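These notes are about the structure you will find just below.
The values are calculated or read from the model by the stated rules, or taken from the named source; none is laboratory data. The structure presented is a predicted model; accordingly, all values stated were derived computationally and were not measured. Positions of Cβ are generated from backbone atoms using ideal geometry, with glycine treated the same way; all protein chains shown enter the neighbour counts.
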Amino acid sequence: MSIGSFLRRGLDAYWDEHEHEHEFKGLDKRRKRISLEQGIFAMFESIQRTYTSANDLEMLDFNAEKEYCMFPGEEITIARGYLSVIESLASVLPPGLIQLGRKVTKIEWQPDESLEIENGNNKPPVKLHFADGSIMYADHVIVTVSLGVLKQGIREDCGMFNPPLASFKTEAITRLGFGVVNKVFLKLTPTPDGIKFPSLQMVFHNESEQNLKIPWWMRRTANLCPIYGNSNVLISWFVGKEALEVESLGDEEIIDGFSKTISSFLINSHSDDAESMFKVEKVLKSQWGNDPLFLGSYSYVAIDSSGDDLDAMAEPLPKKTSIHSNISPPPLQILFAGEATHRTHYSTTHGAYFSGIREADRLLQHYHCIEI
Ligand SMILES: Cc1cc2nc3c(=O)[nH]c(=O)nc-3n(C[C@H](O)[C@H](O)[C@H](O)COP(=O)(O)OP(=O)(O)OC[C@H]3O[C@@H](n4cnc5c(N)ncnc54)[C@H](O)[C@@H]3O)c2cc1C
């Protein structure tokens, strides 16, 4: 069952339970109420779509959702962004160890012992090819590219891995979902009388002329709020098809869509001309869907996949051969980390972090540096 159909069933049960309440109030009132409730339901669906990155809640597996763990504690915004965390972690490493801007185009590895014998030149088993034409050999590589990049990387024409990854891995990569979520920031010109923009939770439930002027990609977003208390910068989240549409639009089209929304929602509450009162000065948007280094935002367990696929994502290659075999390929050539490899904290930064620790520990254990 999908999350979408589970929630729909709940709404239907609610309507069945409350049907008698409408009996004496008339058909028109009942229709209006149902339309409003449907609009509110759609708003919560949009919020849930944003949390999960699924374009449609019908694509989300219900059982896997039960395994997902929320991280305890408050949600916070990290001062100076995530970069400050990376800088702090990296500060203990020798200078020059981390090389930035080096795109890997191909990873050659040796899944079976015969290749090792052929290679027979004492070179480490993994060969990395970079976009600038350079190469590097390694005993172990921890691949942390996004699930979106992996999905593209396993397509035959792309061939990121040579030889291709084992089928248990490509099947997990194919089955799991990877959606697009984008943020749009709008900088407002301060109003002369200092009126601040309110936090809007938006329900699009009627087909009024005013509402129909609002573009479709705007009608499926749930929030438009200042980034904090009195800020003149607003934020809205977009997911799935709308997120991709926003990536393709120019600033003027985005401003126009937001202005129509603002005037539709704030007419009467602040002034008859909310659109001219709140003027958008500048737009900033993320473009995770089309960025070739991400090709999306974060993972979800799609219908027909399961938590087992997330575990399969974390399996290193080559797979351990039978203990009875005398010759086996060098172990732990390709390890996998990143949010899409964490069974209970996928889709999050802490999931990505924990998976990195897990793979570092795996190598330390391999070299008997730690015991688990
Ligand atoms: C709008 C939005 C809001 C979010 N909000 C939250 C939140 O509030 N809390 C939270 O916990 N998480 C949040 N997330 C999710 C979080 O950002 C991700 O789960 C996390 O960044 C995943 O980290 P990762 O290391 O697995 O992958 P990524 O962050 O995708 O990192 C992969 C890296 O691989 C590099 N790469 C790709 N291809 C190559 C190549 N060929 N060669 C070399 N390098 C390559 C990329 O440049 C990138 O640096 C949010 C994400 C988005 C998009």
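Conditions tested, residue by residue: (1) more than 28 Å from the chain's Cα centre (by Cα); (2) closer than 27 Å to PRO329 by Cβ.
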{"residue": "ILE76", "(1), (2)": "no, no"}
{"residue": "ALA79", "(1), (2)": "no, no"}
{"residue": "MET136", "(1), (2)": "yes, yes"}
{"residue": "ILE154", "(1), (2)": "no, yes"}
{"residue": "ASN162", "(1), (2)": "no, yes"}
{"residue": "ALA166", "(1), (2)": "no, yes"}
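One residue stands out among those in the stretch 281-308 that are of a type in the set (D, E, K, R) and more than 9 Å from the ligand (Cβ to nearest atom): the one that is surrounded by the most Cβ atoms within 10 Å (Cβ to Cβ), which is LYS285. Looking only at residues in the stretch 63-80 that are more than 10 Å from the ligand (Cβ to nearest atom) and exposed (fewer than 10 other Cβ atoms within 10 Å of the Cβ), the one that is nearest to LEU7 (Cα to Cα) is LYS66.
In the stretch 354-372, how many residues are more than 8 Å from the ligand (Cβ to nearest atom) and closer than 30 Å to SER297 by Cβ? Of the residues in that region, 8 qualify. Given the criteria surrounded by fewer than 11 Cβ atoms within 10 Å (Cβ to Cβ) and within 16 Å of the ligand (Cβ to nearest atom), does LEU83 qualify? The answer is yes for LEU83. Could you give every pair whose Cβ atoms fall below 9 Å, whose first residue belongs to the stretch 73-100 and is among the charged types (D, E, K, R), and whose second residue is surrounded by 10 or more Cβ atoms within 10 Å (Cβ to Cβ) and at pLDDT 90 or above, counting only separations of at least 6 or pairs across chains? What qualifies is ARG80/GLU87.
When every residue of the stretch 142-151 is checked against the conditions, none turns out to be more than 13 Å from the ligand (Cβ to nearest atom) and not small (Gly, Ala, Ser). Condition (residue is in the same structural domain as ASN232 (by TED's automatic domain parsing), closer than 30 Å to LYS282 by Cα, surrounded by fewer than 17 Cβ atoms within 10 Å (Cβ to Cβ) and not basic (Lys, Arg)) applied to the stretch 169-185: is it met by at least one residue? Scanning the stretch 169-185 turns up at least one residue that is in the same structural domain as ASN232 (by TED's automatic domain parsing), closer than 30 Å to LYS282 by Cα, surrounded by fewer than 17 Cβ atoms within 10 Å (Cβ to Cβ) and not basic (Lys, Arg).
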